[in-house]
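Q: Below: one structure in structure tokens.
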Amino acid sequence: MNPEVNDITDFNMNFFSLKGKVAIITGGNSGIGQGFALALAKAGANIFAVSMTEDDDETRELIEAEGVHYHLMVGNLTEDGFCKAVVDQCVSVFGQIDILVNNAGININEPDVTKFTRLHWDKMVSVNLNAPFELSHEVAKYMIPQHSGKIINTCSLFSYLGGQWSPAYAATKHGLAGFTKAYCDELAQYNIQVNGIAPGYFATDVTKITRDNLESNQRVLDHIPANRWGNIQDLMGAVVFLASDASNYVNGTLLNVDGGYLVR
């Protein structure tokens, strides 16, 4: 064993620190994205959030309370040129980009598959798949010269499963998982890690209807060995790990945060 290569005493908790780093997070001022933003801020990162809405007073207060800087850019990720504008503005505001979290996504449910149209399909592909590609493409132009960076994609259990009532959701999340692996293969040579987080069933506004119905709620719980819905805090450690130097040899993988759903 070469001690210069395998010196385990060199590891310390600073490997998890993001002090002085800059993170772009789409959908970063609500729901899971807000949790990701706060987690990265607690680890020391400055936050550049991207959202469709300006409603971010709570998020700004939470982030700035951690002693880091926060900036919000409002706009539509599917508009031509917007993803490039996000990256350009982040560099203008903070001078660097170290982390990209492609978190924004939408789902359109239609119980009648014959009524799920090309319009539904195209809208979801634009947000869930095209926007992460375009942002990653633009961010890579900054990360490659600095020979470091982290790209984290919010995937899903439906990166593995079918998606009843929403074929485009499952298709785009499968696609995002494939993109994660493909971009790892492209960027690993530049010391850039590209990974995904696949949340299971989480107690958010999106799942409230399912949780409020006794039958559907129990159906979900019966499939989760942990016997509970996830909460956003359960995801926060995962994003810090994948954004930090502690995960420098983790690349092209999906980290499932699902209470064991996929094993049952």
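The values are calculated or read from the model by the stated rules, or taken from the named source; none is laboratory data. These numbers were taken from a predicted model, which means no experiment stands behind them. Quick reminder, even Gly has a Cβ in these numbers, built from the backbone with ideal geometry, and neighbours come from all protein chains shown. Ligands, DNA and RNA are excluded from the accessible area calculation, which covers all protein heavy atoms including side chains. Shrake-Rupley method; radii C 1.70, N 1.55, O 1.52, S 1.80 Å.
Q: Return the long-range amide H neighbours of Lys21 (sequence gap of 5 or more, or a different chain), with a cut-off of under 5 Å between placed amide H atoms.
A: The list, which skips near neighbours in sequence, is Asn46.
Q: Using a Debye calculation, one point per C-alpha and no hydration shell, please list log10 I(q)/I(0) for region 158-246 at q = 0.14, 0.15, 0.26 Å⁻¹ in order.
A: Cα-only, vacuum Debye calculation for region 158-246: -0.66, -0.75, -1.31.
Q: Taking H placed 1.01 Å from N in the peptide plane, check which residues at least 5 places from Gly149 or on another chain put their amide H under 5 Å from its amide H.
A: Correct list: Gln193.
Q: Based on the mean of other Cβ atoms within 10 Å per residue, sort peptides 125-133, 231-239 so the most packed one is first.
A: 125-133, 231-239
Q: How much of the accessible area of region 202-264, in percent, comes from carbon and sulfur atoms when a 1.4 Å probe is used?
A: Values: 1910 of 3730 Å².
Within region 202-264, the accessible surface is 51 percent carbon and sulfur.
Q: Another question, if that's okay. In a Gaussian network model over the chain where Cα atoms closer than 10 Å are linked, find which of Leu242, Leu100, Leu221 has the largest mean-square fluctuation.
A: It is Leu221.
Q: Here's something else I'd like to know. How large is the Rg to Rh ratio of region 114-200 when both quantities use alpha carbon positions and Rh follows Kirkwood?
A: Values: Rg = 14.2 Å, Rh = 13.6 Å.
Taking Rg over the Kirkwood Rh, I get 1.05.
Q: A 20 angstrom limit on the alpha carbon distance is what I want to check against. Which of Lys19/Lys84; Lys141/Lys181; Lys84/Lys141; Lys84/Lys173 exceed it?
A: On the way: Lys19/Lys84 25 Å; Lys141/Lys181 18 Å; Lys84/Lys141 11 Å; Lys84/Lys173 23 Å.
Pairs exceeding 20 Å: Lys19/Lys84; Lys84/Lys173.
Q: Could you work out the percent of alpha carbon pairs in region 132-173 separated by over 15 Å, rounded to a whole number? Present the calculation step by step, with values, prior to reporting the outcome.
A: On the way: 463 of 861 pairs.
Summing the P(r) tail past 15 Å for region 132-173 gives 54 percent.
Q: Could you give me the ³J(HN,Hα) list for region 133-139, computed from phi with Karplus coefficients 6.51, -1.76, 1.60 and θ = phi - 60°, whole Hz, x at Gly and Pro?
A: With coefficients 6.51, -1.76 and 1.60, one gets 5, 5, 5, 4, 4, 6, 5 Hz.
Q: Tell me which of Cys184, Val263, Ser51 sits at the most positive position along the dipole axis of the chain, charges placed on C-beta atoms (Lys, Arg +1; Asp, Glu -1).
A: Going by the charge dipole, the pick is Val263.
Q: Search the structure for amide H atoms under 5 Å from the amide H of Ile106, placed 1.01 Å from N in the peptide plane, and list their residues when 5 or more places away or on another chain.
A: Amide H to amide H, under 5 Å and 5 or more residues apart or across chains, Ile106 pairs with Asn128.
Q: Could you work out the helix-only [θ] at 222 nm for the chain, with each DSSP H run of four or more residues adding -39,500 (n - 2.57) and the total divided by the number of residues, to the nearest 500 deg cm²/dmol? Working shown, then result.
A: On the way: 9 runs with 102 residues, N = 264.
Value at 222 nm, helices only: -12000 deg cm²/dmol.
Q: Could you let me know the centre-to-centre spacing of region 95-148 and region 27-57, using Cα atoms, in angstrom?
A: Cα centres, region 95-148 to region 27-57: 17 Å.
Q: For region 14-158, what D do you get in µm² per second when you plug the Kirkwood radius from alpha-carbon pairs into Stokes-Einstein at 37 °C and 0.692 mPa s? Display every interim value, and only then the final one.
A: Details: Rh = 15.8 Å.
For the chosen part, D equals 208 µm²/s.
Q: Taking the Cα atoms of the chain alone, what are Rg (to one decimal) and Dmax (as a whole number) in Å?
A: Both quantities, over Cα of the chain: 18.5, 63 Å.
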